[in-house]
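The values are calculated or read from the model by the stated rules, or taken from the named source; none is laboratory data. The structure displayed is predicted, hence computed values, not measured ones. Virtual Cβ from ideal backbone geometry, glycine too; neighbours counted across all protein chains shown.
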Amino acid sequence: MSEITAHGEKKLVLAAGRAHPELAKEIAKANITVNALALGFVETDMTAVLNEEYRAKALAQIPLGRIGKPENMADVAMFLLSEKANYITGQVIQVDGGLAI
């Protein structure tokens, strides 16, 4: 990437996958951060249709013992978009109630 046009954006948050370290390094020169959220189970229309057996098995794997709410994910994304996170880049933030540990 030889030239970066930020169009006033200061942050780039990837909602899925991994933050690419090379991208984070390259666009850091323009003071833009790149991070990703690795989401666990979230209360959505998709998880609402899970049968009770599957839901119970999933909950048993989550150390916090509950499915996340959309606002949990949004709060982390908003933090990463804020000036308070201006020194965080190239990271994958697990928002999964401890599922990945």
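The condition (being of a type in the set (S, T, N, Q) and out of contact with any Lys or Arg (no Cβ under 7 Å at 6 or more places or on another chain)) is satisfied by just one residue among THR33, THR89: THR89.
Is one or more of the residues making up the range 81-88 under 12 Å from the mean Cα position of the chain (by Cα), within 30 Å of PRO21 (Cβ to Cβ) and not β-branched (Val, Ile, Thr)? Yes - at least one qualifying residue is present in the range 81-88. The set of residues in the range 36-45 being modelled with pLDDT of 90 or more and either assigned to a loop (DSSP other than H, G, I, E, B) or over 17 Å from GLY97 (Cβ atoms) (or both) consists of GLY40, PHE41, GLU43, THR44, ASP45. Applying the selection to the range 41-87, what residues are exposed (fewer than 15 other Cβ atoms within 10 Å of the Cβ), of a type in the set (A, V, I, L, M, F, W, C) and either closer than 25 Å to ALA24 by Cα or in contact (Cβ under 8 Å) with a residue 40 or more places away in the chain (or both)? Listed by number, the residues that qualify are ALA74, MET78, PHE79. The residues of the range 49-78 that are under 17 Å from GLY97 (Cβ atoms), over 13 Å from the mean Cα position of the chain (by Cα) and in a helix (DSSP H, G or I), listed by number, are TYR54, ARG55, ALA56, LYS57, ALA58, LEU59, ALA60, GLN61.
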